[in-house]
Amino acid sequence: MPDPSPQPSRQPSPLLALPGAVAGDGVDAPVAAHYGSFHAEQRRLVASEGFVDLSHRDVLRISGPDRLTWLHDLTTQFFRDLAPGRWTHALLLSPQGHVEHAFTGVDDGEAFTLHTEPGRGEALLAFLTRMVFWSKVELEDVTDELAVTWRAKPGVAVAVEDAEEAGVEPHRQGYDLVPREQLASYAAAAGPAAGLWAFEALRIERGEPRLGIDTDERTIPNEVGWVGPAVHLDKGCYRGQETVARVHTLGRPPRRLVMLHLDGTENRLPAAGSPLTVAGDERGKEIGFVGSSARHHELGPIALALVKRNVPIDATLVVDGMPAGQEVVVDPEVGLHVRPTLR
């Protein structure tokens with residue numbers, strides 16, 4: 001089952017005052033789920049228009065001359081010589097290779113600033129602090145200073161002068177780090193606003209998992225497609241590397257991430273953590289769980305799920321009484337496609 005979701009610890013976003021804003025639920029309660037029409041908001045994002053308020057995410061800053069080599073040695077990602085302005089994803093694993101932390105960040109030449117799931121910054125900061133030892137790095141929680149947003153495409157909706165006035169860099173795709181007190185001016189420059197429901201539907205369509213919702217305490221990177229985007233295979237040792245390398249080169253992941261196409265006749269979505277079974281199995285044996293779900297403007301109701309590797313990819317699954325078809329995200333035979341060169 002997914003990790004228990006941390007409770008929202010931030011004040012509601014000031015952008016909840018925008019016309020039509022409806023607050024999210026649970027850990028996503030501090031930001032807008034939608035602004036009146038999540039399908040229209042999805043279509044605008046697909047058309048490279050507008051932005052998404054992700055200001056409930058936790059933000060940390062790592063400064064000091066050793067920051068990149070320290071992160072390189074500690075995480076799954078290749079940080080040495082990371083160019084300023086280049087966003088990257090990284091994981092921190094347990095000694096057994098289970099994913100404990102996931103974050104996205106960017107270096108500006110003086111500090112690396114990262115954001116992670118809401119409510120998880122405190123634990124991440126505590127772990128990183130324990131790992132400093134003799135390295136010349138400094139760590140701080142800057143969530144009260146910086147807010148995270150996401151824009152659909154560089155340079156489409158935000159003019160250079162408007163972006164500079166709002167204190168953000170223009171013409172950059174994806175995430176922005178905005179001074180929190182300037183969120184309102186950013187929204188005026190980057191609008192129209194799209195809610196988290198629209199953002200999540202497109203994320204699920206891309207097959208991108210969310211830590212603690214689409215993963216659990218046993219998840220390894222190979223199961224959810226993080227080898228490549230967040231795990232660099234051509235770098236030195238890091239904690240948990242042996243498991244990742246062994247599954248990648250010799251074995252197959254015990255579970256695999258799939259996208260589910262849910263039966264649209266039911267006017268509901270399954271709760272995160274709902275168990276999955278195979279249709280027609282009289283025993284009702286659980287073969288996985290559902291993580292995040294959403295209503296897509298074209299695909300209808302969709303979800304991400306972790307299922308056992310040996311479940312046939314064409315099997316119809318059942319969650320909360322609803323049948324669901326599978327779309328492969330992680331190939332169940334992925335480990336068989338790689339073979340080491342033996343000398």
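Using the rule -39500 (n - 2.57) for each DSSP H run of four or more residues, divided by the residues of the chain, the 222 nm mean residue ellipticity is -5000 deg cm²/dmol. Toward the positive end of the charge dipole of the chain, with +1 on the Cβ of Lys and Arg and -1 on the Cβ of Asp and Glu, the farthest Cα among GLY26, ALA279, THR88 is that of ALA279.
Sequence-ordered 3J(HN,Hα) estimates for the stretch 281-293 from the Karplus curve with 6.51, -1.76 and 1.60 and θ = phi - 60° stand at 7, 5, 6, x, 5, 6, 10, x, 9, 8, x, 7, 9 Hz, glycine and proline given as x.
Taking a ≥ b ≥ c as the square roots of the Cα gyration tensor eigenvalues, the stretch 254-329 comes out prolate, since a/c reaches at least 1.5 and a/b is larger than b/c. Sites count as exposed loop sites when they are GluC sites (Glu not before Pro), lie in a DSSP loop, and have at most 15 other Cβ atoms within 10 angstrom; the longest stretch of the chain without one is 1-109.
What shape does the chain take by its C-alpha gyration tensor, where a ≥ b ≥ c are the square roots of the eigenvalues and a/c under 1.5 counts as rounded, a/b above b/c as prolate, and the rest as oblate?
Oblate is the answer for the chain, as a/c is 1.5 or above yet b/c matches or exceeds a/b.
About the centre of its Cα atoms, the chain shows a dipole size close to 1100 debye [charges on the beta carbon of Lys, Arg (+1) and Asp, Glu (-1) only; nearest 20 debye].
Amide H to amide H distances under 5 Å link ARG255 with ARG309, where only residues 5 or more positions off or on other chains count and H is placed in the peptide plane. Gyration tensor analysis over the Cα atoms of the stretch 166-286 returns equivalent ellipsoid semi-axes of 34, 26, 11 Å (largest first, whole Å).
Read the figures in this text as sums done on the coordinates, not as results from a lab. Everything numeric here is computed off the predicted structure, so don't read it as measured data. Neighbour counts are summed over all protein chains in view; Cβ atoms, including those assigned to glycine, are modelled from backbone coordinates with ideal geometry.
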